[in-house]
């Protein structure tokens, strides 16, 4: 009897933590072509990456996209793009239905976002011998910072820096090369990518802490009220049910954490 009661409670809890079937209006808005065209951004590297052995795209964003398609009852088409700005542009052009990029005010003019499902550290790296010791010392005249154009951290630093100079590259790899070549004073980006850069420069190191929190979310084009409402419920469910936490652990994402429940 106790076992039956415990089993019933477990099943009840699981049912409460599951997004209900998508309303027809939400499905129509999120998959107007009959499939869920999903913009996946490889520029981050934490939420999605391409397996060098198989060429297949994998990561937490891919897993979440497939779970969303499963609940919507439609096939998922992964539209894999090299940088966040390309994923944003594809959304604005109507080439994708949902997009996995970080929340950013400059993007919100054309894209509606859910609350974040995960947060990732944005960090600075400096070369050997740098006199910059802390994040607060970066924003000074003459300091050159490499960033990827229209990345979340580029847009954030564009709004917040007063004195330092941002040098924009077209790709994440290009930003790393600028740092490795000694052409800049600071590398700014996702912590994992910053670690990749300092690994190539003996004596280079990360500054303590983070300069921003990169809030990963799901976005969709403006004017999809039913679809957006469903996405917001879906994100809260995958956080509460443990799906996001399991994926973070499975992918070994030590610098990512599950975002707090939306208020």
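When segment 82-98 is limited to residues that are at pLDDT 95 or above and in contact with a helix residue (DSSP H, G or I) (Cβ under 7 Å, 6 or more places away or on another chain), the one that is farthest from residue 242 (Cα to Cα) turns out to be 96. From the list 89, 97, 82, which one is surrounded by fewer than 19 Cβ atoms within 10 Å (Cβ to Cβ) and touching a residue at least 24 places away in the same chain (Cβ under 8 Å)? When all the criteria are applied, what remains is 82. So which residues in segment 121-134 are modelled with pLDDT of 95 or more and either in a loop (DSSP other than H, G, I, E, B) or under 23 Å from residue 259 (Cα atoms) (or both), if there are any at all? If the condition is that a residue be modelled with pLDDT of 95 or more and either in a loop (DSSP other than H, G, I, E, B) or under 23 Å from residue 259 (Cα atoms) (or both), then 122, 123, 124, 127, 128, 129, 130, 131, 132, 133, 134 are the ones that fit. Residues that are modelled with pLDDT of 95 or more and under 23 Å from the mean Cα position of the chain (by Cα) were ranked within segment 160-173; the one that is surrounded by the most Cβ atoms within 10 Å (Cβ to Cβ) is 169.
Please specify each residue of segment 117-133 satisfying the condition of being over 25 Å from the mean Cα position of the chain (by Cα) and either closer than 11 Å to residue 208 by Cβ or buried (at least 16 other Cβ atoms within 10 Å of the Cβ) (or both). Of everything in segment 117-133, those that are over 25 Å from the mean Cα position of the chain (by Cα) and either closer than 11 Å to residue 208 by Cβ or buried (at least 16 other Cβ atoms within 10 Å of the Cβ) (or both) turn out to be 127, 130, 132, 133.
Of the strands (runs of 3 or more DSSP E) lying entirely inside segment 135-235, the ones with 1 or more residues being over 26 Å from residue 49 (Cβ atoms), touching a strand residue (DSSP E or B) at 6+ places or on another chain (Cβ under 9 Å) and outside the structural domain of residue 43 (by TED's automatic domain parsing) are found at 144-148, 165-169.
Taken together, 199, 229, 260, 217 contain a single residue that is loosely packed, with under 15 Cβ neighbours inside 10 Å and more than 21 Å from residue 145 (Cβ to Cβ), which is 260.
Within segment 236-251, if we keep just the residues that are at pLDDT 95 or above and touching a strand residue (DSSP E or B) at 6+ places or on another chain (Cβ under 8 Å), the residue that is surrounded by the most Cβ atoms within 10 Å (Cβ to Cβ) turns out to be 244. Scanning segment 95-114 for residues that are part of a loop (DSSP other than H, G, I, E, B) and in contact with a strand residue (DSSP E or B) (Cβ under 8 Å, 6 or more places away or on another chain) yields 95, 96, 97, 103, 107, 110, 114. Those residues that are surrounded by 16 or more Cβ atoms within 10 Å (Cβ to Cβ) and either in a loop (DSSP other than H, G, I, E, B) or in contact with a strand residue (DSSP E or B) (Cβ under 6 Å, 6 or more places away or on another chain) (or both), I need them from segment 55-71; list them, please. If the condition is that a residue be surrounded by 16 or more Cβ atoms within 10 Å (Cβ to Cβ) and either in a loop (DSSP other than H, G, I, E, B) or in contact with a strand residue (DSSP E or B) (Cβ under 6 Å, 6 or more places away or on another chain) (or both), then 57, 59, 61, 65, 69 are the ones that fit.
Out of all the residues in segment 24-54, which are part of a loop (DSSP other than H, G, I, E, B) and at pLDDT below 95?
42, 43, 44, 45, 46, 47, 48, 51, 52, 53, 54
Here residue 59 meets each of (1) assigned by TED's automatic domain parsing to the domain that holds residue 246; (2) without any contact (Cβ under 8 Å) to a residue 12 or more places away in the chain; (3) more than 27 Å from residue 223 (Cβ to Cβ) with one exception, condition (2).
The values are calculated or read from the model by the stated rules, or taken from the named source; none is laboratory data. All of these numbers come straight from a predicted model, not from anything done at the bench. Glycine gets a Cβ as well: all are built from the backbone with ideal geometry, and neighbour counts include every protein chain shown.
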